[in-house]
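Okay, so here's the structure we're looking at.
The values are calculated or read from the model by the stated rules, or taken from the named source; none is laboratory data. From a predicted model like this one, the values you see are computed outputs, not experimental measurements. Virtual Cβ from ideal backbone geometry, glycine too; neighbours counted across all protein chains shown.
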Amino acid sequence: MKPAHEYLAGSVIIAAFIALALTSAARKSATVDEFAHLPAGLYALRTGDFSLYGKTPPVGRMIAVLPALALGPRMPDLSRVPESSWRPWIYGTAFMRVNGAAYGRVLFAARLMAVLAGAVVCLLVWLYSRRLWGGPGGLISLIACALSPTLIAHSRLVTVDVMAALFTLLFVLALLSFLKRPSALRSAIMGAALGLAVLCKFTLLFFAPFALLAPVAAYSINHSRRGPHILGYSVAAHTGTVIIAGWLALTAGYLGKDVGLHRDAVFASKDMQILAPALHLAPLPAEFLAGLDAQLFDAESGEFLQGNYLLGRWYTGSRWYYFPAAILFKQPVYALALFLFAAALTLRRRPWGEEALLLFMAGAYFLFACFFGSLQIGVRHLLPVFPLGFIIMGRLGPPAFPEGPPPGDGDEAAPVQGKRGPRRALRLVLGLALAWAMIDQVMIWPDYLAYFSPLAGGPANGYKTLLDSNLDWGQDLPGLKKWMDQNNVPRVDLMYFGHDDPARFNIAYDLPSASSPNKYLAVSADYLMGMMYPMTYNPQGREQMEALLKRVENYRTRKPAAMIGYSILVYNK
């Protein structure tokens with residue numbers, strides 16, 4: 001393929017990604033996390049106060065809400081909202097009320113930044129895969145990335161997930177640049193990128209050892225090619241540079257507020273209590289320590305009363321197989337097959353190079369989530385390493401479409417020659433995978449959050465497999481209103497999981513009851529399967545919620561009259 005044609009194809013693919021994400025975002029109500037992140041990000045930008053939603057780092061959401069800031073939304077008085085674990089969502093309700101009809105425009109404006117972040121992820125995946133595997137490999141990676149239902153789903157939301165994926169990818173690219181040519185500047189860039197990633201998600205501290213041990217990896221990768229003198233400067237200098245750069249980024253993210261020794265800090269989580277002697281001496285922002293402690297405590301105690309959900313069962317604690325199951329059921333079958341084949345080809349090549357390191361880092365993070373991730377509420381927690389997987393899939397380019405290396409890339413993108421028969425077979429497989437991906441897009445748009453592969457029975461059976469941000473995050477109120485209008489249904493019994501207000505979409509409803517005259521019951525999948533979570537606009541005590549959940553559980557075995565975005569099930573009463 002000529003370079004001009006290749007760049008045109010890449011541009012069209014990224015434009016398609018943007019179009020799919022934008023048109024989907026315009027059709028969805030605020031999800032549970034968006035409802036808190038949007039006002040918290042705006043409040044932090046306006047005041048420099050991060051306490052509203054302190055249990056997650058501030059920078060990801062502050063970047064996400066920048067377009068919304070230009071609309072000048074009104075901000076409620078935080079002092080009127082009492083301190084509690086629900087404070088971000090209570091403030092979110094006040095924010096929605098005070099902005100009235102403008103709330104939808106503010107929400108959509110903030111979603112634009114998430115779409116942009118997703119597009120940048122696609123661009124970086126394409127360019128780096130192209131450098132490794134040549135033009136065809138780059139396009140394979142780009143297509144896998146741009147048509148990923150999970151990436152599209154979270155590139156439309158005002159949350160930190162796609163921002164975490166973007167900054168993780170930037171960190172990895174900085175690490176790989178250091179491995180090729182170690183220097184103090186590259187150490188500093190790597191440390192700063194790691195700090196920015198951690199400012200999106202605390203769990204990305206996982207990658208700190210990779211940054212600190214980069215000189216060892218550089219020696220291992222380059223020794224056989226360029227001899228032992230590759231570090232250029234001492235390991236101690238590298239370690240100090242990474243730590244200082246990361247600390248500066250972290251401190252800047254909290255605007256330098258309350259940085260120092262916090263000898264009197266008291267921690268709630270067991271992990272932080274164990275590390276307390278060292279943490280009391282660490283010159284870190286107080287809100288960073290408090291947020292990390294709160295998130296670890298959530299992970300230890302479980303977010304919901306029932307614990308976590310998998311394959312129709314609630315369980316407390318964690319199960320090592322949750323994330324393998326989530327990947328198996330939430331990712332397209334063709335993508336899993338191509339990734340595994342590409343990973344096998346990568347490991348077959350000797351000596352192992354930077355592409356093997358990509359695979360190792362993605363695999364290590366995956367295993368970390370499996371065995372230490374007790375907050376098992378969504379495949380989105382693996383999203384930071386999805387771009388690494390997409391890059392690895394580009395490994396299929398050279399054997400399928402042999403070509404010369406791109407100019408300036410030396411032998412790293414050298415073609416992998418193969419016999420004509422296997423090459424044609426691989427091209428056929430790639431063509432079928434592309435056709436499958438296109439069919440998936442037609443079938444799932446605009447309901448990307450609810451994507452489930454045929455291994456789970458498709459999205460219509462998703463609620464029997466996984467819940468929460470895997471399926472039902474409160475996003476389908478517009479779809480419910482559209483269905484009611486199309487079917488001349490003036491009022492329904494409703495149990496809606498989420499914080500957006502049904503009244504904002506002119507949905508008339510009552511709580512489910514034996515005396516209700518309404519013909520239809522609309523129930524969120526989370527509530528249908530028994531999730532104990534308060535209904536924001538119909539406050540109920542624990543006993544009342546249990547009674548409501550008991551009432552709707554009888555519908556689990558019945559066939560719904562309609563499925564709204566696969567997350568709200570409508571039943572004839």
Leading residue by the ranking (surrounded by the most Cβ atoms within 10 Å (Cβ to Cβ)) among those in region 338-354 that are touching a residue at least 24 places away in the same chain (Cβ under 8 Å) and in a helix (DSSP H, G or I): Ala342
For region 94-112, indicate whether the set of residues that are among the hydrophobic types (A, V, I, L, M, F, W, C) and not in a helix (DSSP H, G or I) is non-empty. no
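If I go through region 429-470 residue by residue, how many of them are of a type in the set (Val, Ile, Thr) and within 13 Å of Pro332 (Cα to Cα)?
If we filter region 429-470 for residues that are of a type in the set (Val, Ile, Thr), which is where we start, we get 429, 439, 442, 444, 465.
Next, from what is left, pick out any that are within 13 Å of Pro332 (Cα to Cα): 439, 444.
Total meeting the criteria: 2.
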Per the filter on region 428-457, residues surrounded by fewer than 15 Cβ atoms within 10 Å (Cβ to Cβ), among the aliphatic types (A, V, I, L, M) and under 23 Å from Met563 (Cα atoms) are Met438, Ile439, Val442, Met443
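Test Ala335 against the criterion of being modelled with pLDDT under 90, over 19 Å from Lys201 (Cβ atoms) and among the aliphatic types (A, V, I, L, M), and give yes or no.
No: the conditions fail for Ala335.
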When you go through (1) free of Cβ contacts under 8 Å to residues at least 60 places away in the same chain; (2) farther than 24 Å from Leu204 by Cβ one by one for Ile244, which number turns out not to apply? (2)
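Going through region 360-382 one residue at a time, which ones are among the small types (Gly, Ala, Ser) and in a helix (DSSP H, G or I)? Before you say what the answer is, go through the steps one by one.
Narrowing region 360-382 to residues among the small types (Gly, Ala, Ser): 362-364, 369, 373-374, 378.
If the condition is that a residue be among the small types (Gly, Ala, Ser) and in a helix (DSSP H, G or I), then Ala362, Gly363, Ala364, Ala369 are the ones that fit.
Hey, can you tell me all the residues within region 59-104 that are of a type in the set (Lys, Arg) and free of Cβ contacts under 8 Å to residues at least 40 places away in the same chain?
Scanning region 59-104 gives Arg74, Arg80, Arg87, Arg97.
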Among Ala547, Ala561, Ala460, which is among the hydrophobic types (A, V, I, L, M, F, W, C) and over 25 Å from Gly307 (Cα atoms)? Ala561
Check off (1) within 26 Å of Gln441 (Cα to Cα); (2) part of a helix (DSSP H, G or I); (3) not small (Gly, Ala, Ser) for Leu357 and give me the number that stays unchecked. (1)
Does region 125-174 hold any residues that are among the basic types (Lys, Arg) and more than 26 Å from Ala64 (Cβ to Cβ), and which are they? Arg130, Arg131
So the check is Cβ under 8 Å with 6+ separation or different chains; which pairs have a first residue in region 409-433 that's modelled with pLDDT under 50 and a second one that's surrounded by 11 or more Cβ atoms within 10 Å (Cβ to Cβ) and among the aromatic types (Phe, Trp, Tyr)? Ala413/Trp133
So which of Pro76, Pro88 ends up being within 21 Å of Thr536 (Cα to Cα) and either within 22 Å of the chain's Cα centre (by Cα) or of a type in the set (Phe, Trp, Tyr) (or both)? Pro88
Within region 91-134, track down each residue that is closer than 17 Å to Leu169 by Cβ, surrounded by 23 or more Cβ atoms within 10 Å (Cβ to Cβ) and in contact with an Asp or Glu (Cβ under 7 Å, 6 or more places away or on another chain). Leu132
Against the conditions (1) within 19 Å of Ile244 (Cα to Cα); (2) modelled with pLDDT of 95 or more; (3) in contact with a Lys or Arg (Cβ under 6 Å, 6 or more places away or on another chain), where does Arg156 fall short? Just the number, please. (1)
Considering only residues that are touching a residue at least 12 places away in the same chain (Cβ under 8 Å) and hydrophobic (A, V, I, L, M, F, W, C), which ones fall in region 180-199? Ala184, Ala188, Ile189, Met190, Ala192, Ala193, Leu194, Leu196, Ala197, Val198, Leu199
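Looking at this structure, is Ala450 in contact (Cβ under 8 Å) with a residue 40 or more places away in the chain, farther than 14 Å from Ala153 by Cβ and among the aliphatic types (A, V, I, L, M)?
Numbers: in contact (Cβ under 8 Å) with a residue 40 or more places away in the chain: yes; farther than 14 Å from Ala153 by Cβ: no; among the aliphatic types (A, V, I, L, M): yes.
In short, no.
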With criteria (1) surrounded by 16 or more Cβ atoms within 10 Å (Cβ to Cβ); (2) modelled with pLDDT under 95; (3) out of contact with any Ser or Thr (no Cβ under 6 Å at 6 or more places or on another chain), Ser374 comes up short on (3)
Run Ile230 past the list (1) at pLDDT 90 or above; (2) crowded, with 17+ Cβ neighbours inside 10 Å and report the number of the one that doesn't hold. (1)
By residue number, the members of region 190-215 that are assigned to a helix (DSSP H, G or I), within 11 Å of Leu250 (Cα to Cα) and among the aliphatic types (A, V, I, L, M) are Ala192, Ala193, Leu194, Leu196, Ala197, Val198
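Working carefully through the options Asp447, Asp476, Asp485, find the one that is among the charged types (D, E, K, R), in contact with a strand residue (DSSP E or B) (Cβ under 6 Å, 6 or more places away or on another chain) and under 20 Å from Ala26 (Cβ atoms). Step through it out loud before you land on a result.
Numbers: Asp447 fails: in contact with a strand residue (DSSP E or B) (Cβ under 6 Å, 6 or more places away or on another chain); Asp485 fails: in contact with a strand residue (DSSP E or B) (Cβ under 6 Å, 6 or more places away or on another chain).
Answer to the selection: Asp476.
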Where the second residue is buried (at least 24 other Cβ atoms within 10 Å of the Cβ) and among the hydroxyl-bearing types (Ser, Thr, Tyr) and the first is closer than 13 Å to Leu142 by Cβ and lies in region 370-392, which pairs have Cβ atoms under 6 Å and are six or more apart or on separate chains? Phe390/Ser141; Ile391/Ser129; Ile391/Ser141
Specify the residue that is farthest from Ala299 (Cα to Cα); the eligible residues are those in region 179-191 that are surrounded by fewer than 23 Cβ atoms within 10 Å (Cβ to Cβ), in contact with a helix residue (DSSP H, G or I) (Cβ under 7 Å, 6 or more places away or on another chain) and among the hydrophobic types (A, V, I, L, M, F, W, C). Ala184
